[in-house]
Structures are given as C-alpha cells and as structure tokens.
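Taken together, the values in this text are just the output of simple stated rules run on the coordinates, not laboratory data. No experiment lies behind these values; they were computed from the predicted model shown. With ideal geometry, Cβ positions are generated from the backbone for all residues, glycine too; neighbour counts draw on all protein chains shown.
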Amino acid sequence: MAEKQIDNMKSYGLMNLVKGKTPAIQKDPYEMVMSWPHLLFREVVLFLIVLTVIMGMSILFNAPLEEMADPKNTPNPAKAPWYFLGLQEALSWGPPVLGGIVFPTLLAVLLLAVPYLDRTRDGIGVWFHPKRRTVNILFAMGLTFWFGLIIVGTFLRGPSWDFYWFWEAWPVH
Amino acid sequence: MSDHTVEPEFSYDQFSRRDFFTLVGGVAMAGTFGAALVGSFRYMWPNVLYEPPKRYKIGPPAEYPVGVNFIADQRIFLVRGVYGLRDNEYRVVSAICTHMGCTPKWVQKDDRWECPCHGSQFNTLGVKVAGPAPRPLPWYEVTVGNDGRLVVDQNKVVTADYKLSI
Amino acid sequence: MSRVADLLFANRVWKSVFRHGYPSNPRNRAEVMFQNVFLHIQSVKVFKRSLKVSATFGLGLILAYLFLLLTLTGFLLMFYYVPEVHRAYADMKDLEFAVSFGVVLRNMHRWAAHAMVLFTFLHMARVFFTGAYKAPREFNWVIGIILLIITLFLSLSGYLLPWDQLAYWAITIVSNLIRTTPPADIMGAGASYLVLGGTQIGQNTLIRFYVMHVFGLPAICGLLMVVHFWRIRKDGGLARPDESNIPLR
Ligand code: HEM
Ligand code: FES
C-alpha cells in the first residue's frame with residue numbers, strides 16, 4: 001500500500017534540457033544538502049540578526065528631523081541625503097546637465113551593460129580571481145571614485161559649498 | 001478528441017480569414033492598451049494649479065529702507081538707492097538661484113549674493129561671478145499700483161538697467 | 001514526545017494546510033519546498049558552498065529582509081502620517097512625541113532605508129568581485145541594477161514626506177536637476193511639471209511623492225525582487241567556480 005502511494009507521487013519534474021557535462025564525468029559529484037533545514041535555518045537566523053540590529057539602532061539613535069520646510073530660508077549648506085551627495089558634489093563642478101543628468105545616466109548604462117561587455121568565463125564564483133585582476137581594479141576604482149565623491153560632499157563641504165578639511169572649523173555667521 | 005480542428009499548415013503566401021481576425025484583434029488590443037497608457041500619462045498632467053500668482057503686490061515704496069531688502073514670502077530682493085540707484089529708484093531681482101533653485105544670501109561686506117547650495121556668487125547686477133549657475137539672476141518689472149503699493153510682475157523679465165523711479 | 005508530534009503534525013488539519021507531514025524525513029523535506037508557494041521560489045537542494053558565509057555574506061538576503069521591515073514599519077506609519085503640507089510635519093512630531101512607540105517605528109523605517117541603500121552597493125560589489133554576473137546570470141545583474149535605481153528613488157521619495165528643511169531643499173535641488181534634462185524647454189520643463197505636479201513644490205508634489213513612495217515604487221520593487229529570486233533558482237543557484245569550464249552558450 002505504502003509503496004504504491006510513493007509510486008504515484010512524482011518527486012521530480014523535467015524543467016528543461018541544457019547542454020553541458022553531467023557532474024558525474026571526470027568530476028566529484030556536486031555536494032548538495034537539503035534546503036530544509038540547512039538553508040532555511042540560516043535564513044531565519046539572519047532575519048533575527050537584521051531585526052535585532054535595526055531595532056537596537058532605532059532604540060539608541062533618533063532619526064533626524066529638522067525645522068519645518070521653509071522656502072524662504074535655505075539652510076547653509078543645504079545637503080541631499082548622503083547617497084546623493086556624490087551627485088551633488090559632481091553638480092557643483094560645471095553645467096548641471098553634465099553632473100546631474102549625463103554623468104549618472106552614463107553610469108547607469110555602463111553598469112547595465114557590464115555582463116554584456118565582459119563575455120569571459122574567468123573566475124565565476126571566486127572572490128578576486130587573479131584572471132579578473134584588470135576588471136576588478138577598474139570596478140574598485142569606480143567604487144572608490146563614487147564613495148570618494150560622497151565623502152567629499154558629506155564631510156569636506158561647508159557653508160556655500162566651500163571646501164573645508166575634516167579638522168577645519170566652519171565659519172559661524 | 002475531434003480531429004477537424006487540426007490547424008492548416010502555415011504558409012506566408014496565404015492571408016487567411018483567421019489571420020485577418022488575428023490581426024484585427026491584435027491591433028485593437030494594442031490600441032486599447034496604448035490609449036489607456038497615453039490617457040494615464042495625460043491624467044497625471046494637472047490642468048488647474050492652485051499656485052500663487054506670478055504678478056503680485058508688495059508693500060508701499062516707503063516701507064523698504066535704502067539697500068538690499070529680502071522679501072521672503074515672494075522670494076525676491078528689492079534693491080533701493082544703492083549700486084547706481086538714487087534713493088527714489090527701485091529694482092527687483094529674483095531670489096531663486098538659477099542653478100538648482102536655492103535661496104542666495106545677500107552678503108553686504110562683499111557686495112554680492114552667495115548661494116549656499118553649490119557656491120554660486122552673483123554681483124550687484126545679478127551676473128554670476130563664481131560657481132556653477134548657468135544664468136544671471138533675472139530682474140523683474142516693478143511698477144506702482146493704483147493704491148500706491150509696488151507691483152512685481154515675474155512674467156516680465158527686464159534688463160539689469162531697468163529701474164522704477166518715483 | 002513523538003506522541004505529541006503525531007498529535008500536532010499527523011492529523012487531518014495539518015495535512016489539509018500543508019499537504020505533507022512534518023519535514024523530518026527527506027521526502028517531506030523536499031515536499032515542504034515545492035508544496036509551499038513561498039518556499040518554492042527556492043530549490044529543494046542547495047550547494048554546500050553557497051551556504052558558506054563567505055560566498056555571499058548574506059548581503060542579498062539582508063536586502064530582502066530590510067525591504068520586508070520597511071514594508072511593515074511603513075504600513076504602521078501610514079496610520080498617523082497624513083500627506084498634507086500643513087499637517088505632515090506636525091504628524092512627524094506627533095509620531096516622535098505623542099504616539100506610543102511611534103519614534104521607534106519612525107527610526108526603524110529611516111535606519112532600514114539608509115541600510116538598504118548601503119547594502120545594495122555592497123551586494124553589487126560582492127556580485128562583481130565574485131564574477132557572478134556572467135552567463136547565464138547576465139539578466140539578473142540587469143534586474144539588480146534596476147532594483148538599485150528603484151531603491152534610490154524609494155529613498156528619495158520618502159525623504160520629502162516629513163516636510164522638513166532637509167526634505168524641502170533636497171527636492172528643490174532634484175526637481176531643478178530634472179528641469180535641465182535636454183532639451184530643457186520641452187523635456188526638462190515637462191518632466192519637472194509632471195514630477196512636481198505643477199511649477200513649484202507644493203501639495204501636488206507631496207501627494208505625488210507619497211503615492212509613489214507607499215505604492216508605486218514598492219510594488220515594482222517587490223515584483224522585481226520576486227523575479228530576481230526566481231532567476232537565481234532558474235540560473236542554477238549561486239555562481240560556482242566549476243561553471244568557468246562550461247563554455248558560453
Ligand atoms: C533591492 C535590491 C536587491 C535584493 C533584495 C537582492 C537580493 C538577492 C539575493 C537574496 C541574492 C542571493 C545571493 C545573496 O544573498 O547574495 C541575490 C543574488 C544576486 N544579485 Fe541581488 N539583490 C538586490 C540587488 C541587486 C543588485 C543591485 C545587483 C547588481 C547589480 C544584483 C545582482 C545579483 C546577481 C547577479 C545575483 C546572483 C549572484 C550569484 O549567483 O552568485 N542584485 N540578490
Ligand atoms: S543652487 Fe545655487 S549654486 Fe546650486
């Protein structure tokens with residue numbers, strides 16, 4: 001009876017056919033484990049960590065709330081949220097179309113195109129694979145530039161968007 | 001079950017009755033969705049605005065002292081009696097930076113406006129002397145209304161040598 | 001003990017809900033993954049190496065959890081916050097000082113939002129530095145970039161809602177930025193008119209940002225996240241080194 005039941009239950013299905021070597025040929029079989037409980041347990045633990053950290057932070061630190069919006073009075077300096085300060089910094093360099101529209105659009109298009117520009121098969125799933133040194137350095141330079149702009153915009157710009165070092169005090173009006 | 005519904009072999013040469021209806025249906029569907037999409041965009045474009053008017057009255061001329069006066073509610077500067085003007089002469093300049101729209105501050109000791117956002121500076125003619133602002137600050141027509149108060153018309157941009165003499 | 005377990009899991013009600021017994025044997029452990037619509041987005045088995053912390057640092061999952069927390073806290077904030085220019089700021093103050101746990105909820109919503117932007121960048125960096133965007137995962141990278149952009153828009157639209165000085169001037173800068181899109185007289189002016197709902201920041205702007213923030217963008221973001229996860233499964237799980245031997249299709 002029990003046997004028959006199992007026979008009738010299909011425990012697999014054909015999804016699609018792909019070209020490629022089967023794991024058994026000249027290779028160790030893939031090492032796999034059941035998602036339940038191995039993956040799901042980790043997922044629940046990570047959720048608890050995220051929840052605890054965010055809740056803890058929220059109990060300790062209050063989110064900023066400034067004075068009510070006042071079109072007559074621009075705070076000096078007026079800063080966007082930190083993740084846009086890189087753009088605001090770029091904006092202060094030249095024509096706004098370049099810093100504010102062309103520069104971010106190019107950046108987005110470049111990022112979207114990444115997998116279609118790099119068609120090599122090197123270093124999939126390996127951190128900092130030596131064969132990928134050039135592209136990794138390029139990407140790291142891009143990230144450094146972006147976060148460098150953010151740091152300049154956040155910490156090194158004072159009243160009237162003038163440049164001040166970390167240790168320089170802002171003039172008081 | 002029934003074999004009389006077997007599809008005929010496909011051929012590019014024949015444009016069958018079924019092809020015709022498929023085409024009509026497809027076009028009708030695309031048209032409907034397209035129109036709904038365009039209509040939704042048009043819907044998002046307000047026809048009536050409840051915004052303050054561009055032509056408005058401020059106080060009587062005598063209310064403003066000689067110098068550069070910031071009129072906060074309308075975001076303009078009223079210049080009286082300085083930088084080439086006599087005490088009975090007035091000009092009005094926008095207090096909205098032509099760069100990204102912050103409110104520049106008048107800095108008396110340097111005789112210029114400074115914008116807090118990206119550091120644009122404008123001289124007494126409203127012309128940019130530093131920073132990223134693309135255009136000078138615009139000057140607006142200012143006249144005297146029939147009740148003796150000043151009337152500013154932001155629809156009428158005037159040159160920097162325009163002035164109202166009373 | 002097993003008596004209690006039988007009572008809980010081997011009864012008709014449990015079966016009617018889950019369609020299988022408690023996942024303590026391999027078959028039920030497989031069934032739990034594909035009988036459950038929420039778990040089914042993940043495969044029944046995972047590669048051992050994908051479970052290692054160093055494989056992903058859990059960054060993508062952290063993002064999904066932050067999104068979940070933002071949805072829940074946002075849902076609760078909506079009960080007190082009214083998107084009206086004379087009320088919005090006062091409502092924020094009420095949340096801080098007059099509503100029980102209001103300040104914690106607001107803080108959670110704000111800090112989770114900041115964290116989400118930060119972790120999106122970190123996750124993108126991890127995907128790049130592990131070469132995980134290569135075929136067949138190209139399109140999941142593209143979805144990821146769209147998610148990054150939507151995350152930024154979500155943060156920005158939320159930034160206006162408290163109607164404080166930070167909010168007002170950030171939106172001033174952004175709307176004037178939009179106005180410079182070439183050709184500025186047609187595209188720029190038109191786009192900024194649409195975004196502001198007029199020619200200046202006001203009530204129309206606030207309600208537009210509010211609707212996008214609480215419905216439009218989260219809906220798109222949630223949908224794309226589902227596609228993102230589904231594609232991880234369909235692309236054969238997380239990127240693995242042995243895939244480098246499989247030539248490009
Ligand atoms: C809202 C934002 C996002 C969420 C919730 C999200 C979620 C996830 C999750 C849960 C994974 C599984 C692996 C892991 O935890 O790292 C993953 C993998 C992946 N993500 Fe994202 N992601 C987001 C944004 C992005 C971005 C910005 C990119 C890149 C531009 C991206 C590209 C990818 C790719 C290519 C994979 C597959 C990686 C592999 O196979 O090793 N995702 N994502
Ligand atoms: S807004 Fe005045 S300089 Fe940018």
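Structure above, values below:
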| item | result |
| --- | --- |
| Shape call, region C:55-236: gyration tensor on alpha carbons, a/c limit 1.5 | oblate |
| Largest-first principal axis extents, alpha carbons of region A:82-161, Å | 49, 24, 16 |
| Within chain B, helix-based [θ] at 222 nm, where runs of 4 or more DSSP H residues each add -39,500 (n - 2.57), nearest 500 | -6000 deg cm²/dmol |
| Under 5 Å, built H, 5+ apart or other chain: amide partners of residue B:76 | B:71, B:95 |
| Shape call, the protein assembly as shown: gyration tensor on alpha carbons, a/c limit 1.5 | prolate |
| Cβ-based exposure ranking for C:205, B:143, C:199, in which fewest neighbours within 10 Å come first | B:143, C:199, C:205 |
| Too-long pairs where the Cα-Cα distance tops 22 Å, listed order kept, from C:48/C:234; B:57/B:163; A:72/B:57; B:54/B:128; A:131/C:134; A:72/B:54 | B:54/B:128 |
| Degrees between helix B:17-43 axis and first principal axis of chain B (Cα, 0 to 90, nearest 10) | 20 degrees |
| Axial C-alpha extent at least 20 Å, average Kyte-Doolittle at least 0.0 - helices from chain C (DSSP) | C:59-77, C:102-129, C:138-160, C:165-179, C:217-234 |
| Sequence of B:117, B:97, C:221 once ranked by neighbouring C-beta atoms within 10 Å, starting from the fewest | C:221, B:97, B:117 |
| Amide H within-cut-off set for residue C:45, under 5 Å, with H built and near neighbours excluded | A:35 |
| Mean residue ellipticity (222 nm) of chain C, computed from DSSP H runs ≥ 4 via -39,500 (n - 2.57), nearest 500 | -20500 deg cm²/dmol |
| Rel. contact order, % - alpha carbon contacts under 8 angstrom, at least six apart, region C:1-150 | 15 percent |
| Residues whose placed amide H lies under 5 Å from that of residue B:140, excluding near-sequence neighbours | B:92, B:93, B:94, B:158 |
| Neighbour-count ranking [beta-carbon atoms within 10 angstrom, fewest first] of C:173, C:145 | C:145, C:173 |
| Relative contact order, percent, region C:136-249 [alpha-carbon distance under 8 Å, six or more residues apart] | 32 percent |
